[in-house]
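Okay, structure first, notes after.
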Amino acid sequence: MSSTSFAAFGAALIAISYGLARFAFGLFVPQIRDELALTTAVIGIIGALPLISFLLATLVAPLMAHTLGARYTAAISGLFGVGGLALISQASDAMMLGIGVFSCGICTGLMMPALTAGMQAMVKRSLHARVSSVMNAGTSIGVIVAVPTVLFMADAWRLAYLSFTVLTVIGVGATWFFLPSVSRITPANAAPPPPMSDLPWSRLVRLALFAYLMGFVSSAYWIFAPDLVVTLGGLSPSATGWLWFAVGLAGLGGAVVADLADRNNPPITQALMLMMLSASLVLLAASPAQTILATFSALIFGLAYMSLTGLYLMTGIRLLPGRLSVGPVLPFMAVSLGQATGSPIIGGLIDTFSYADTFSMIAVLGILVAIMSPFYPGHIQQASDEETEEETGLQAAYDLQLQNEEGEPLEDPENDPANDPDSEKPVH
């Protein structure tokens, strides 16, 4: 596959595993809650299950990708997605629903490491940022794809999940034909990663804490926003589809904002995006019956969330050079842990207080986190520093993943067919 084809195919798989198997669940919460007679607290617990399984899968995914290769890891991921989506479509109680969403979380946790392994093997390092950006856009694409199922099947969530199952089966079949069975390739002339004792632990801890708190705040929107506009605003379940359409559409610009943030001032950008995230919660809670304002809040949320996850991705890669399987994964694990913690807590708060009060409290938390943004591990530039400024942006972060013994980015071999995605080469 060429780099362009690999990026498009990866985006399609991410759309299925992230957009449909994970984030589409919140879109159907009003219908599922009513049909299965579930309380908001129970929905919060169920909403945390795929995030917990995502964390567990992410812990073993790098080893699986290294041992089994991209093809088999992605196929196993897809099979968990097929099983989970099929169970959700047939769920008759909270237990069956919980098992289904737990299985979907495993699908999500395995897919990105599998695609990253394939990218390392098939795509030139100089194109990793571009390919990664396209693949990450798959989350927004998947969220957008889920929208028509709500608009036209608002009262048929089981049929919607069956359609997701069919799409996932197609995705599993495609992985078998298009992804390589090789594992991640590390050039022999790459310098070994620095020892654990030399890692910037203070900056890593700060990155993990900010990612965790952002995940906690964002879980309110991902899990409960559609239910809020239906319960509090009296909108029809089909109207919630426009929320997710706006989230997905705005999220497509997140990669651009994150790249610009890394090139300018990451702490300030993080503060701005967290304020936008908090504003989206307050705006939705204040005007749940106004479709236009609710949709505008979703636009703000989508841009802020995708920008923050992109920024955390770049920081994680930059802080962990040489550790191909850890740098991109650490911030996403922290975000998911925050979402897994926030989902049941927010569900309990909604049952105790109300939707409006709970969303307002979570928005205040987001503002407090934004105020602490000067502690975000961004670039530290000294005015008197006469050295060459640090390269910034997503591609610079990927360039620094592999370094030579002098600490400089490892160059692509000019005539090495193993690094040429357009060359004819056997796949073992």
Check your understanding: R0 = 30 Å: FRET efficiency of Ile170 with Leu59, Cβ-based, nearest 0.05?
Key -> 0.60
Revision key, fill the gap. Treating every alpha carbon of the stretch 40-83 as one equal point scatterer without solvent, the Debye formula yields log10 I(q)/I(0) values at q = 0.15, 0.21, 0.22 Å⁻¹ of -0.46, -0.73, -0.77
Point to revise | Per residue Cα convex hull volume in Å³ - calculated over the stretch 1-50 | key: 72
Revision key, fill the gap. Residue by residue through the stretch 282-291, the couplings from Karplus 6.51 cos²θ - 1.76 cosθ + 1.60 with θ = phi - 60°, in Hz, x for Gly and Pro, are 5, 4, 5, 5, 7, 9, x, 8, 9, 4
**Study point:** J(HN,Hα) series, the stretch 111-126, from Karplus relation 6.51 cos²θ - 1.76 cosθ + 1.60, nearest Hz, glycine and proline x
**Key:** 5, 5, x, 5, 5, 5, 4, x, 5, 4, 8, 10, 10, 4, 4, 5
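Based on the alpha-carbon gyration tensor of the stretch 71-117, what equivalent-ellipsoid semi-axes (square roots of 5 times the eigenvalues) come out, in whole Å, largest first?
Values: eigenvalues 109, 15, 5 Å².
The equivalent ellipsoid of the stretch 71-117 has semi-axes of 23, 9, 5 Å.
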Exercise for review: Treating each Cα of the stretch 54-177 as an identical point scatterer and ignoring solvent, apply the Debye formula and state log10 I(q)/I(0) at q = 0.12, 0.14, 0.22 Å⁻¹.
Suggested key: -0.49, -0.65, -1.32
Check your understanding: Taking N as the number of residues in the stretch 224-368, what value does Rg over Cα atoms divided by 2.2 N^0.38 Å take?
Key -> 1.11
**Study point:** Hull shadow area, averaged, the stretch 197-245 [alpha-carbon convex hull, nm²]
**Key:** 4.5
**Study point:** Dimensions (Å) - the stretch 1-104, Cα atoms, principal axes, largest first
**Key:** 48, 26, 19
Review point. When the Karplus curve 6.51 cos²θ - 1.76 cosθ + 1.60 is applied with θ = phi - 60°, which whole-Hz ³J(HN,Hα) does each residue of the stretch 233-238 get, with x for Gly and Pro?
Key: x, x, 6, 6, x, 5
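Order the following by accessible area, largest value first: Val143, Val166. Probe radius 1.4 Å; ligands, DNA and RNA are ignored.
Largest accessible area first, the list is Val166, Val143.
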Check your understanding: Which value, in debye to the nearest 20, gives the size of the charge dipole of the stretch 35-179 about its Cα centre, when Lys and Arg are +1 and Asp and Glu are -1 at the Cβ?
Key -> 660
**Study point:** Percentage, to the nearest whole number, of Cα pairs in the stretch 200-283 over 18 Å apart
**Key:** 55
Point to revise | Cα radius of gyration and Dmax for the stretch 134-174 (Å) | key: 11.4, 33
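The values are calculated or read from the model by the stated rules, or taken from the named source; none is laboratory data. Just so we're clear, the structure is a prediction, and the values are computed from it rather than from any experiment. Note that each Cβ is placed from the backbone with ideal geometry, even for glycine, and that neighbours are counted across all protein chains shown. For the accessible areas, the whole protein counts, side chains as well, though only heavy atoms, and no ligand, DNA or RNA atoms are used. Shrake-Rupley method; radii C 1.70, N 1.55, O 1.52, S 1.80 Å.
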